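Values in this text are rule-based calculations from the coordinates and carry no lab data. Bear in mind the structure is a predicted one, so any value in this text is a computation, not a measurement. Cβ placement follows ideal geometry from the backbone for every residue including glycine, while neighbour counts extend to all protein chains displayed.
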Amino acid sequence: MTILQNGTLVLPEGPARADLAFDAGKIRAIAPSIAPKEGDSVRDVSGCLVFPGFIDGHTHLDMESAVTVTADDFASGTRAAVCGGTTTVLDFATQDRGGTLQQALDAWHKKADGKCSCNYGFHMAITDWNESVKAELPAMFEQGVTSFKAYMAYDALKLDDAALLDVLCALRPFGGILGVHCENGALVNALCAREKARGNLGPAAHPASRPPEVEAEAVSRLCYLGKLADAPVHVVHLSSAAGLAEVRKARAQGVRVYAETCPQYLVLDDSLYRLPGFEGAKYVMSPPLRSRADRDALRRAVEDGEIDTISTDHCSYRFDGQKTIGLHDFTAIPNGGPGIEHRPEIIYTSFVHPGRLSPAAMCRLLAENPARLFGLYPRKGVLAAGSDADITVWDPAATSVITAKEQQQNVDYTPYEGFALHGMPAAVYVNGVLAAEYGRPTGAVAGEYCKR
Ligand SMILES: [Zn+2]
């Protein structure tokens with residue numbers, strides 16, 4: 001048995017001073033005081049908050065595109081995740097057009113199995129919807145996949161509205177949830193062509209090619225599809241005030257809409273695209289960073305409880321050699337940025353440290369809500385006897401600074417270079433195994449597949 005003594009446990013009903021004991025990968029007891037027996041190991045966590053391990057519901061590890069592959073694979077990505085306090089990631093297995101869902105699931109297991117420092121599960125991204133793919137759904141649920149993804153943009157990935165409606169209807173009897181990349185793909189294509197025709201070829205053209213209206217229209221359309229299907233919908237990486245307004249409108253009509261946003265939309269803004277030279281390419285992701293007004297609207301929505309989850313959309317590409325593929329054409333810049341390592345510290349620093357959010361609210365956004373939404377609760381997402389021993393011991397007094405040089409992510413930059421942090425994970429346990437201490441991995445590869 002390992003006993004964490006004298007910590008402040010972040011429980012659903014609020015913080016509580018208590019001891020917590022775990023062994024064999026499970027939390028065994030929570031009590032005001034737990035006396036160690038012979039052979040037990042004790043860690044004094046006085047002054048620390050003890051959270052259920054954080055869950056990142058949106059990562060892209062070892063993902064191939066037509067021209068390149070993400071810089072982080074499941075080994076480096078999950079190692080970085082645990083160093084920041086994340087104990088479970090949900091990555092996107094992605095169907096090939098003409099391929100089956102089973103082939104995609106098998107391929108992602110091959111990428112991940114045996115390599116992960118944290119636990120992992122897969123959403124299934126459907127890119128080619130037809131009767132035989134529909135017939136695979138029961139097999140997906142049997143193999144622990146309860147959440148799916150569809151794209152409204154990207155020609156190689158997107159589904160049309162009729163297919164989206166049918167997917168929503170097909171998932172409903174299983175209680176599955178569909179996450180959707182909400183951007184109007186036809187408009188994105190047209191606006192990219194417009195920028196290029198105007199001779200705008202640098203990173204600054206990227207946000208111009210995907211303005212908030214492109215997101216808001218797609219969010220609105222998805223919500224109507226959810227209403228038609230009488231099914232819940234999940235808006236991933238919500239980035240704009242206009243998109244948020246559509247979420248509110250749909251909720252007011254009784255549509256079940258879950259909203260995810262990401263740290264980059266809460267602490268960065270589109271002025272970064274105007275950095276000199278090609279620097280702006282570091283922030284080329286879709287949706288793009290938005291104005292300060294958008295950022296502030298999303299921050300208020302986080303504080304007001306309108307946002308359900310904060311995930312990273314970690315999709316890392318090196319600046320040298322990968323982002324530079326688009327040196328002369330912004331549409332060729334690989335879309336995405338790193339973030340899997342720093343999400344809890346950024347949210348703690350930006351919201352909890354200044355008193356904008358309570359530790360319990362942070363716990364809901366980063367652990368409890370994703371666990372509930374994606375079929376992991378109460379095995380994960382809560383500190384309770386019987387739950388998995390995924391535990392993040394948080395030292396609120398520790399300080400550090402994010403730098404590319406010090407990070408674990410396998411990439412040569414970070415969008416948060418120089419960001420001063422308050423609070424960091426002092427100890428991170430994955431299935432009861434110590435995986436990281438103060439931002440450094442222990443080398444343990446204790447992650448297991450989460451059958452949901
Ligand atoms: Zn994504």
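Rg (Å, one decimal) plus Dmax (Å, integer) for the alpha carbons of the range 47-177?
Radius of gyration, then largest Cα-Cα span, for the range 47-177: 15.8, 56 Å.
For the range 359-425 and the range 34-68, what is the centre-to-centre distance using only Cα atoms, to the nearest Å?
Here the two parts' Cα centres lie 7 Å apart.
Go through the range 394-404 residue by residue and turn each phi into a ³J(HN,Hα) via Karplus (6.51, -1.76, 1.60, θ = phi - 60°); whole Hz please, and just put x for glycine and proline.
With the stated coefficients, the range 394-404 comes to 10, 9, x, 8, 6, 10, 7, 10, 6, 9, 4 Hz.
How big is the convex hull of the Cα atoms of the chain, per residue, in Å³?
Convex hull of Cα atoms, per residue: 128 Å³.
Suppose only helical runs count, i.e. DSSP H with n ≥ 4. What mean residue ellipticity at 222 nm does that imply for the chain under -39500 (n - 2.57) per run, divided by all residues and rounded to the nearest 500 deg cm²/dmol?
Computed mean residue ellipticity for the chain: -7500 deg cm²/dmol.
Return one number: the angle in degrees, 0 to 90 and rounded to the nearest 10, between the long axis of the Cα atoms of helix 292-303 and the longest principal axis of the Cα atoms of the chain.
Between helix and principal axis, roughly 40 degrees.
Working from Cα positions, state the angle (0 to 90°, nearest 10) between the long axis of helix 212-229 and the longest principal axis of the chain.
Approximately 80 degrees, to the nearest ten.
Report the longest stretch of the chain that contains none of the chymotrypsin sites (Phe, Trp or Tyr not before Pro) sitting in a DSSP loop with at most 16 other Cβ atoms within 10 Å.
My reading of the result: 155-318 is the longest stretch.
Please sort by residue number the trypsin sites (Lys or Arg not before Pro) in the range 204-306 whose DSSP state is loop and whose Cβ has at most 16 other Cβ atoms within 10 Å.
Arg256
What nm distance separates the two modelled labels at Arg194 and Val42, each placed 7 Å from Cα along Cα→Cβ?
6.8
Which whole-Hz couplings ³J(HN,Hα) result when phi for each residue of the range 352-357 is put into the Karplus expression 6.51 cos²θ - 1.76 cosθ + 1.60, θ = phi - 60°, listed in order with x for Gly and Pro?
My calculation for the range 352-357 gives 7, 4, x, x, 7, 9 Hz in order.
Taking 0.36 nm per intervening residue step and subtracting the Cα-Cα distance, what contour gain separates Ser271 from Ala156 on full extension?
That works out to 38.4 nm of additional length.
Just need log10 I(q)/I(0) for the range 255-412 at q = 0.13, 0.18 Å⁻¹, Debye formula, equal scatterers on the alpha-carbon atoms, no solvent, rounded to two decimals.
-0.71, -1.22
Can you give the relative contact order of the chain as a percent, counting alpha carbon pairs under 8 Å and 6+ residues apart?
Computed over the chain, the figure is 22 percent.
Using each residue's phi in the range 137-144, evaluate 6.51 cos²θ - 1.76 cosθ + 1.60 at θ = phi - 60° and report the 3J(HN,Hα) Karplus result to the nearest Hz, with x for Gly and Pro.
4, x, 5, 5, 5, 4, 9, x
For the range 113-167 and the range 202-255, what is the separation of their Cα centres, given in Å?
20
Please determine, in degrees from 0 to 90 and to the nearest 10, the orientation of helix 185-197 with respect to the longest principal axis defined by the Cα atoms of the chain, where the helix direction is its Cα long axis.
60
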